[in-house]
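A short worksheet on the structure shown next.
What follows is calculated from the coordinates using simple rules that are stated; it is not laboratory data. Here the structure is a predicted model, which is why all the values come from computation and not from measurement. Because the Cβ atoms are built from the backbone with ideal geometry, glycine has one as well, and the counts that use them run over all protein chains shown.
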Amino acid sequence: MQTTPAEDRKAALRRELLRRRVAMSASERSRMSAAAAALVLGLDAYRAARAVLAYRPLGAEVDPGAIVADALSSSKRVYYPRVMGEGLEFVAGDGEPTEPWRAAETASGEPPAVVLIPGVGFDLRGGRLGRGGGHYDRALAALHRAVRIGIAYEAQIVPEVPRDPWDVPMHCIVTEARVVAVDPRVLEENGA
């Protein structure tokens, strides 16, 4: 099967960014993960949320463990993604039987959740380059009230991520060095 030029650009960028991420030492990644987590914990949108849709890091991704620990100690509910067909659903991380987040999100008066989203790369306009399966984009399209926070190392920020019409942009991007408010209105509406 022949690929399109856009697919080729995404594949080349994905290879380069994965190479950058893996080239960092484990101690460097740990330090930068802690710094990024501290910035997320400082967001009003995070503090106002009653639920955190997190992820378990794969490979050399930013580790959101400090955010999850804070969420649990603050009595926030924590959900993790589970692949369902071609999409994701978010299920409770404590092993308790519960409805997936999609159902819980619509509860009356519920503050929106924050969704911590890993990526291979991001641009400053909220573009995200994932692993290529489209799972997050399909799931995020259904989470209308959730604040989307892309988490990456500064080395993963690029001038432009090639986008497809179905790609869901981030509301903000957090690295070890900064918070980029891509859509400040969303952050303001949700207490950031």
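The length gained by stretching the chain between A34 and R82 to full extension, at 0.36 nm per residue less their Cα-Cα distance, is 14.8 nm.
The mean sequence separation of alpha-carbon pairs under 8 Å and at least six residues apart, normalised by the residue count of the range 5-189, gives a relative contact order of 24 percent. Rounded to 0.05, the FRET efficiency of the R178 and A11 pair, given R0 = 35 Å and the Cβ-Cβ distance, is 0.80. Ellipticity at 222 nm from helices only: DSSP H runs of n ≥ 4 in the chain, each -39500 (n - 2.57), divided by the residue count, give -10000 deg cm²/dmol. In this structure the amide hydrogen of I117, modeled in the peptide plane, comes within under 5 Å of the amide hydrogens of I149, G150, I151, none closer than 5 places in sequence on its chain. Distances between every pair of Cα atoms in the chain, grouped in 10 Å steps from 0 to the bin holding the largest one, split as 9, 38, 38, 13, 2, 0 percent.
Here the Karplus relation 6.51 cos²θ - 1.76 cosθ + 1.60, evaluated at θ = phi - 60°, turns the backbone of the range 43-52 into coupling constants of 6, 4, 4, 5, 4, 7, 5, 9, 9, 10 Hz, with x for every Gly and Pro.
Applying 0.36 nm per residue to the separation of E154 and A48 and subtracting their alpha-carbon distance, the gain on full extension is 35.6 nm. In the chain, taking the dipole from charged Cβ atoms about the Cα centre, the farthest positive-side position among L18, P165, G130 is held by L18.
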